[in-house]
Amino acid sequence: MLQTLQQQGLRHVVLCPGSRSGPLALAAAGLMRAGLITLNTAIDERSAGFYALGRSSASGIATAVITTSGTAVANLLPAAVEADRSSQPLLLISADRPLRLKNRGANQTVNQESFLTSVCRWYGSGPLDGLSAGLDHELQALAENAWRHLHQPPGPVHLNLPFEEPLHPDLDQQNAFWRQWNSAKSVAITHNQELWKPTSQFAAPALDPDQPGVIVAGPWRGLSGTLEAYQAALIAWQERCGWPVLADPLAAVPSQLGGVIRSWDLLLPNGLSQLPANAQVLRLGSMPASRRLEAWLADQQGPQLLITEGDPRPLDPLDIAEQWSGGLAQWWNQVKPKLRAVNATNQNVEAHGGALLEAWSKADRDLQHHLCELLPTRGAANEPALMLSLGQLLPAELPVMLAASSPVRDWQAFAASDIGRRRCFSFRGASGIDGTLSLALGIAAELGPTMLITGDLALLHGSNGWLLASAAQLPLLVLLIDNAGGGIFEQLPIKTSPSDGFNQLFAMPQQVDPLALAAAHSIPVRQLACLDDLPTALEWGLGRAGPALLRVCTDRSNDAQLRRNLRKALQLSKSLS
């Protein structure tokens, strides 16, 4: 079974401890010794699932997690939910008891076959009497089916494999098997990440590039192997139409994309000149996490086209856009031959797109200049200034993982100048904080040096990820914004009675020293005293070969008020200009 998966393209396996899964562990170890896969171990299935999802998201190829039976399988659900919502391949392989022990009160025997089905693209089961009852071609077909469903369209797949006793061969039996095993058969074939591309049975809907419009690029939810074609199509369409682009930090837009309005989140709702009544909107992927943008889109009267990268599920919470699921690259390939040629001076683009783009670009530049005046990047740390500084200081191309809640929103608003300089990741499928550290570690394992920007609750919630970080020595710099609880709740209109109940009911500050916790896992740590120290601290953290933690303390109440004050000041400056 594992050999067939490897032949389909499986490269990485994360193994969790267990007895019923012992045969899978021995088989995975044999493939690892033969140099056919990498094998990581994790004692916490929840962390293992998110670590594997990080590798899958960064590579576009499914990583597998192997668990034993029982509640171990239930712990995979959070990662499976995120893989489903973010359309990323994730292979979940669980060992199980044979049918004769089901519904008989046998130890560690539960209905695990149904735990993950609601979020999986496909569920497959081995022979109910035990995997040893299956013929080779049946197991190969099961593995091939699983791999195909992982990538067409992308998402999680659950393979539940019953095993009958005896489970554990002795050393003589193991040695005899590996001597006769022909590892030469395990030559990886071209995997489905290269074969599968978004398609649609329907013709691509048309937009008119010679009329006004705007592009809204939401979080990227395609496979990494298709990103280059997506980016090329986006550049080509924008050059042809001249429309401005409002891009989410997770949109994976290329650095050479023209027309990007970087500070749209701060400019909305009144800082951008009004679109013509018939203006078109090309929306790419899911909706960015911005209520201002949602309200602005809902007010537009022209046609809206939503293109997804193969995801056929409805992705428009406004229910006003026509959705096409064939992917941007295929859409451009279909509409390009039907467009009239543009002359050398691009006169039609200038007439319909240039004036709007010029006005919005000027508003964008003016706001960025004013923001820098209002938000000095020195002295005591605050979260908006921290994000502004990071956007200016981080090396180009360094991948960044943004924890859900405040970090991803603050990056969108205050590190807007960074758009297009790097690939950003976050939980924008289910928007949870579950597994934040582990997913970032998976990204670092695949892409190399990476930075995670997280709050204290998200880091503590997934602190078992430090076990993975310590064991694997992955190059991840964690920037911890410690604001003593859930800072996002300070930004919401939440009132409690009595007023001091806010911390107990919502913010939930924890009495844990994050530096001591990381140090207990042999993670190097450093405390940031002020924003002036940030360049030196980043140099320290990014210069290390393994993981490191950099902590900066902020005041969530003061920062919430600062955000409100900044938005008011910036909106006022635009109205006066």
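The values are calculated or read from the model by the stated rules, or taken from the named source; none is laboratory data. Model, not experiment: these values are computed from the prediction. Quick reminder, even Gly has a Cβ in these numbers, built from the backbone with ideal geometry, and neighbours come from all protein chains shown. These area figures cover heavy atoms from the full protein model, side chains too; ligands, DNA and RNA do not enter into them. Shrake-Rupley method; radii C 1.70, N 1.55, O 1.52, S 1.80 Å.
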Task: Residue, modelled with the lowest pLDDT, within the range 503-521, restricted to residues that are surrounded by 15 or more Cβ atoms within 10 Å (Cβ to Cβ) and not in a helix (DSSP H, G or I) - done: P509
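For the range 128-162, what are the residues that are part of a loop (DSSP other than H, G, I, E, B), under 27 Å from D84 (Cβ atoms) and in contact with a helix residue (DSSP H, G or I) (Cβ under 9 Å, 6 or more places away or on another chain)?
Filtering the range 128-162 down to residues part of a loop (DSSP other than H, G, I, E, B) leaves 128-130, 134-135, 152-153, 155.
Pick out the ones that are also under 27 Å from D84 (Cβ atoms) and you get 128, 152-153, 155.
L128, Q152, G155, listed by residue number.
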Open item on the list: Condition first: part of a helix (DSSP H, G or I) and touching a helix residue (DSSP H, G or I) at 6+ places or on another chain (Cβ under 6 Å). Now tell me which residues in the range 8-24 satisfy that.
Closed with: Q8
Task: In the range 547-564, the residues that are open to solvent by less than 10 Å² (accessible area, probe 1.4 Å) and modelled with pLDDT under 95 - done: D559, A560
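Considering only residues of the range 317-343 that are under 22 Å from P276 (Cβ atoms) and assigned to a loop (DSSP other than H, G, I, E, B), which is least open to solvent (accessible area, probe 1.4 Å)? Break it down into steps so the answer makes sense when it comes.
Initial filter on the range 317-343 (under 22 Å from P276 (Cβ atoms)): 318, 320-322, 335, 339-340, 342.
Still in the list and also assigned to a loop (DSSP other than H, G, I, E, B): 318, 320-321, 339-340, 342.
Details: L318: 42, I320: 79, A321: 25, L339: 42, R340: 141, V342: 46 Å².
In this case the residue turns out to be A321.
Inside the range 373-468, counting only strands (runs of 3 or more DSSP E) that do not spill past its ends, which hold 1 or more residues that are open to solvent by 10 Å² or more (accessible area, probe 1.4 Å), free of Cβ contacts under 8 Å to residues at least 60 places away in the same chain and touching a Leu at 6+ places or on another chain (Cβ under 8 Å)?
Values: elements: 400-402, 424-426, 450-455.
Output list reads 450-455.
Condition (residue is of a type in the set (K, R) and under 29 Å from P407 (Cα atoms)) applied to the range 219-226: is it met by at least one residue?
Pass one, the range 219-226, residues of a type in the set (K, R): 221.
Next, only the ones that are under 29 Å from P407 (Cα atoms) stay: 221.
Within the range 219-226 (the criterion being of a type in the set (K, R) and under 29 Å from P407 (Cα atoms)), the answer is yes, since at least one residue qualifies.
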Open item on the list: Looking at A79, A27, A72, can you tell me which residue is touching a helix residue (DSSP H, G or I) at 6+ places or on another chain (Cβ under 9 Å), part of a helix (DSSP H, G or I), buried (at least 22 other Cβ atoms within 10 Å of the Cβ) and free of Cβ contacts under 8 Å to residues at least 60 places away in the same chain?
Closed with: A72
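Can you tell me which residue within the range 164-183, out of those that are over 19 Å from S69 (Cα atoms) and of a type in the set (D, E, K, R), is most open to solvent (accessible area, probe 1.4 Å)?
Applying the first criterion (over 19 Å from S69 (Cα atoms)) to the range 164-183 yields 169-183.
Adding the requirement that they be of a type in the set (D, E, K, R) leaves 170, 172, 179.
On the way: D170: 80, D172: 117, R179: 182 Å².
Here the residue is R179.
So which of D265, D311, D248, D319 is under 30 Å from P407 (Cα atoms) and without any contact (Cβ under 8 Å) to a residue 24 or more places away in the chain?
Details: D265 fails: without any contact (Cβ under 8 Å) to a residue 24 or more places away in the chain; D311 fails: without any contact (Cβ under 8 Å) to a residue 24 or more places away in the chain; D248 fails: without any contact (Cβ under 8 Å) to a residue 24 or more places away in the chain.
Of the residues listed, the single one that is under 30 Å from P407 (Cα atoms) and without any contact (Cβ under 8 Å) to a residue 24 or more places away in the chain is D319.
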- [ ] Among the residues of the range 527-566, write down those that are touching a Gly at 6+ places or on another chain (Cβ under 7 Å) and either part of a strand (DSSP E or B) or over 18 Å from N382 (Cα atoms) (or both).
- [x] A548, L550
Task: Test: residue in the range 44-59 that is outside any helix (DSSP H, G or I), farther than 16 Å from L159 by Cβ and open to solvent by less than 20 Å² (accessible area, probe 1.4 Å) - done: no
